[in-house]
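Below is one structure; the comments refer to it alone.
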Amino acid sequence: MTVSVAIATYNRAHMVAEAIRAAIHQTREPEEVVVADDASTDRTVSVVEEISRRDPRVVLIRRETNSGGVANWNAAIDATRGEFIAWCSDDDRFLPDHLEASVEHLARHPEIGMVHSGFVDAIESRGRSEWVPRRLRAEQPLMVNRNCLIRYLIRYYDWPFHPSTLVFRRAVWERTGPFDPAFVLADTDWFVRAAEHFAIALLPRHGVLNRRHPGNWSNRIGSARMQLEILEIVERAIGRRYPGAWPARIFWRTIWRANVRMRLMWTLGMRLAGGHEAAGCAAWRALVQCSFKSRVLDAMGCAAIRRWCARRDAEIRGAGENVSPL
């Protein structure tokens, strides 16, 4: 059995170096670590080249122009040669036995096409890192397939999977196809499409360190935009699952939309409580878009949010001025 690790990177010299070293120093070492660089302008290329000179298992793929992300993800996986492929984001790190446990489970269960696992948050702030394990969702492997996919996505809406924990057979990549650049959350769309053809197991263990930092992909996208994309991704999946069964299709679409609206309202409440005007307006626009699609409601809601946040900001400033330094 051969294992390839695929890492796509852009302008993260220090982080990708740590990701590569964590991939190499596994209890079950990979046969190769393929790193696809998306035309970085910092020291990323030279850092990877230096590691590659010391360990020829590290293979660098360079792009001349920046792809925007998703095409580079595809390039990284397309360049691998292993029977099993492990994906890792350039800002995350495998825990030492991640590959061993994942590949061992796949070897014991040929009916499963892909595994993923829990993760540990590595919260970085002011030069310090705090590790906080996320609660595991089950004591035994949690199975996902086309029959229970929609229910699984509704229940585990916030984190259906962590992309850096995915380990899958080459057949899964070949059957499912590449990441779709039409989506910013192309990994979520790919996971959903893979589950339509293969059984997936969530292992009851922590597989990676999930680095939390200001440059996170999710921070750049924004919560409201992410939720709108997830809405579309899953609605497409519902359409594929029930192409002609209208009652079932309407039922699951209604349940799914109600779930997304509830999550967006929670997001909106959190943004209003914090006085975040831009994020609050984004959440409101997403809520309107998946409910009424009314420009009037969009404008009225955003105007009300701006007034609320202005008052909230004034209250916070006033509270600060009234606090005695003693």
When you scan the stretch 1-22, do you find a residue that is polar (S, T, N, Q), crowded, with 18+ Cβ neighbours inside 10 Å and part of a loop (DSSP other than H, G, I, E, B), even just one? no
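Taking into account only those residues within the stretch 38-53 that are surrounded by fewer than 17 Cβ atoms within 10 Å (Cβ to Cβ) and in contact with a Lys or Arg (Cβ under 9 Å, 6 or more places away or on another chain), which is nearest to N72 (Cα to Cα)?
So, considering only residues that are surrounded by fewer than 17 Cβ atoms within 10 Å (Cβ to Cβ) and in contact with a Lys or Arg (Cβ under 9 Å, 6 or more places away or on another chain), the one nearest to N72 (Cα to Cα) is A39.
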What number goes with the only condition from (1) of a type in the set (D, E); (2) within 24 Å of L185 (Cβ to Cβ); (3) surrounded by fewer than 20 Cβ atoms within 10 Å (Cβ to Cβ) that E111 does not pass? (2)
State which residue is nearest to R170 (Cα to Cα) when the search covers only the stretch 115-147 and only residues that are surrounded by fewer than 12 Cβ atoms within 10 Å (Cβ to Cβ) and among the charged types (D, E, K, R). E139
What do you reckon, is V58 under 19 Å from the mean Cα position of the chain (by Cα) and not charged (D, E, K, R)? no
Among (1) at pLDDT 80 or above; (2) part of a helix (DSSP H, G or I); (3) surrounded by fewer than 16 Cβ atoms within 10 Å (Cβ to Cβ), which single condition is P243 missing? (2)
Are there any pairs, at least 6 apart or on different chains, whose C-beta atoms fall under 7 Å, with the first in the stretch 65-94 and surrounded by fewer than 20 Cβ atoms within 10 Å (Cβ to Cβ) and the second of a type in the set (D, E, K, R) and in a loop (DSSP other than H, G, I, E, B), and if so, which? N66/D38; S67/D38; G69/D38; G82/E31
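The values are calculated or read from the model by the stated rules, or taken from the named source; none is laboratory data. Since this is a predicted model, take the numbers as computed values, not measurements. In this analysis, Cβ positions are derived from the backbone assuming ideal geometry, glycine residues included, and neighbour counts consider all displayed protein chains.
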